[in-house]
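Student: Below are the structure tokens for one structure; questions will follow.
The values are calculated or read from the model by the stated rules, or taken from the named source; none is laboratory data. Everything numeric here is computed off the predicted structure, so don't read it as measured data. So basically every Cβ, Gly included, is an ideal-geometry build from the backbone, and we count neighbours across all protein chains shown. Accessible surface areas use protein heavy atoms only, side chains included; no ligands, DNA or RNA. Shrake-Rupley method; radii C 1.70, N 1.55, O 1.52, S 1.80 Å.
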Amino acid sequence: MTQSLALVAAEPELQAAAAELARQYQLSLTHQGDDFDLELTREGLQLRWLARPEYQPLTLDYTRGRQAWRQQLGGGKQEAVVRALGVAHGFRPRVLDATAGLGRDGLMLAHAGCNVWLLERHPAIHALLDQAVLHLQQHQQLHDKLNWAAQVEVLPRGSLLEHSDIPSRWLELDIDAVYLDPMFPEREKSAAVKKDMQILQHLVGPDLDADGLLPMALALAKHRVVVKRPVKAPFLAGQKPSSQVLSKKHRFDVYMKAPYPKA
Ligand SMILES: C[S@@+](CC[C@H](N)C(=O)[O-])C[C@H]1O[C@@H](n2cnc3c(N)ncnc32)[C@H](O)[C@@H]1O
């Protein structure tokens, strides 16, 4: 599913800044259709689903609201994603989040002490993510509690699937664990899916090529690969994991290559 998207300015004074962002993230400034737009407002970027004006625009701000709360109070070792990555055992793995999306899981891992690289292939999601991390890191300079934000890096837009051999720049990151959370097709039917995830699903579509990610992730990770799936979904690439961590709605399939070094 390819949706058209343009980067637009909410007011004439922001047009030059919008043009600069469009250049930086290789986004179009004019609509080819009328599905979505990424609108630059004085508060930052927001993703609007033009056919569904009743949906709140999707904004990404890690410094306030639900996400900040989750990191300050709920975030930590008890989060299933953190346990699946093995952080609870004291070692702080260097993680590539290779399907970064809105960066929520990736930031949770950084908050738990991991160094995290975020890789996202969709240009508009990549722009939202990159700007939100930049904003968090600017905010961090004023707040000691946000020191963990320095451990996050958004990589240039891309995908593990764009390469038949892993590029040396990724090997140099010395990745302990790769985390995968591709869009699962059946999620679209669930009434429980949050509105911002629904916008994301409609923009990005199901990641039908997701099975190809597992062998690439296993080749890159030194110690383990973790795959997030809906509880009843089949294994990615039909491959049985070594172990699983369960949360209310998700299953984290853990593919072990080698144990972490003793912390
Ligand atoms: C379900 S979302 C991830 C949500 C994320 N875990 C979070 O916490 O916000 C899946 C994202 O992975 C991206 N994606 C899927 N396949 C990818 C690939 N091969 N390379 C890079 N990004 C990919 C999609 O564009 C989408 O933004």
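Student: So in segment 103-123, with the set limited to residues that are surrounded by 22 or more Cβ atoms within 10 Å (Cβ to Cβ) and small (Gly, Ala, Ser), which one is nearest to the chain's Cα centre (by Cα)?
Tutor: Going through the qualifying residues, I end up with 103.
Student: Oh, and also: Any chance segment 230-242 includes a residue that's closer than 16 Å to residue 161 by Cα and in a helix (DSSP H, G or I)? Break it down stepwise before answering.
Tutor: Pass one, segment 230-242, residues closer than 16 Å to residue 161 by Cα: 236-237.
If we keep only those that are in a helix (DSSP H, G or I) as well, we get 236-237.
Within segment 230-242, one or more residues are closer than 16 Å to residue 161 by Cα and in a helix (DSSP H, G or I).
Quick grid of which residues meet (1) touching a residue at least 60 places away in the same chain (Cβ under 8 Å); (2) more than 25 Å from residue 127 (Cβ to Cβ); (3) in contact with a helix residue (DSSP H, G or I) (Cβ under 6 Å, 6 or more places away or on another chain); (4) outside the structural domain of residue 124 (by TED's automatic domain parsing):
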site: 195; (1), (2), (3), (4): yes, no, no, no
site: 204; (1), (2), (3), (4): yes, no, no, no
site: 208; (1), (2), (3), (4): no, no, no, no
site: 221; (1), (2), (3), (4): yes, yes, no, no
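Student: For segment 198-219, name all the residues that are within 18 Å of the chain's Cα centre (by Cα), part of a helix (DSSP H, G or I) and more than 9 Å from the ligand (Cβ to nearest atom).
Tutor: Within segment 198-219, 198, 199, 202, 211, 214, 217 qualify.
Student: Right, next: What single numbered condition from (1) assigned to a helix (DSSP H, G or I); (2) crowded, with 18+ Cβ neighbours inside 10 Å fails to hold for residue 227?
Tutor: Of everything listed in (1) assigned to a helix (DSSP H, G or I); (2) crowded, with 18+ Cβ neighbours inside 10 Å, residue 227 misses just condition (1).
Student: Looking at residue 159, is it in the same structural domain as residue 95 (by TED's automatic domain parsing), free of Cβ contacts under 8 Å to residues at least 24 places away in the same chain and farther than 21 Å from residue 40 by Cα?
Tutor: Values: in the same structural domain as residue 95 (by TED's automatic domain parsing): yes; free of Cβ contacts under 8 Å to residues at least 24 places away in the same chain: no; farther than 21 Å from residue 40 by Cα: yes.
Against the criterion (in the same structural domain as residue 95 (by TED's automatic domain parsing), free of Cβ contacts under 8 Å to residues at least 24 places away in the same chain and farther than 21 Å from residue 40 by Cα), residue 159 does not qualify.
Student: Sticking with this structure for a sec: On the given criteria, is residue 259 open to solvent by 40 Å² or more (accessible area, probe 1.4 Å) and under 19 Å from residue 109 (Cα atoms)?
Tutor: Numbers: open to solvent by 40 Å² or more (accessible area, probe 1.4 Å): yes; under 19 Å from residue 109 (Cα atoms): yes.
Yes.
Student: From 159, 168, which residue is within 28 Å of residue 254 (Cα to Cα) and away from the ligand (no atom under 15 Å from the Cβ)?
Tutor: On the way: 159 fails: away from the ligand (no atom under 15 Å from the Cβ).
Going through 159, 168 in turn, just one is within 28 Å of residue 254 (Cα to Cα) and away from the ligand (no atom under 15 Å from the Cβ): 168.
Student: Then there is this: With respect to residue 147, determine if the residue is open to solvent by 30 Å² or more (accessible area, probe 1.4 Å) and out of contact with any Asp or Glu (no Cβ under 9 Å at 6 or more places or on another chain). Please lay out each step first, then the result.
Tutor: Numbers: open to solvent by 30 Å² or more (accessible area, probe 1.4 Å): yes; out of contact with any Asp or Glu (no Cβ under 9 Å at 6 or more places or on another chain): yes.
For residue 147, the condition - open to solvent by 30 Å² or more (accessible area, probe 1.4 Å) and out of contact with any Asp or Glu (no Cβ under 9 Å at 6 or more places or on another chain) - is met.
Student: Sort out which residues of segment 70-97 are open to solvent by 10 Å² or more (accessible area, probe 1.4 Å), modelled with pLDDT of 95 or more and within 12 Å of the ligand (Cβ to nearest atom), and write them in order of number.
Tutor: Residues satisfying the conditions do not exist here.
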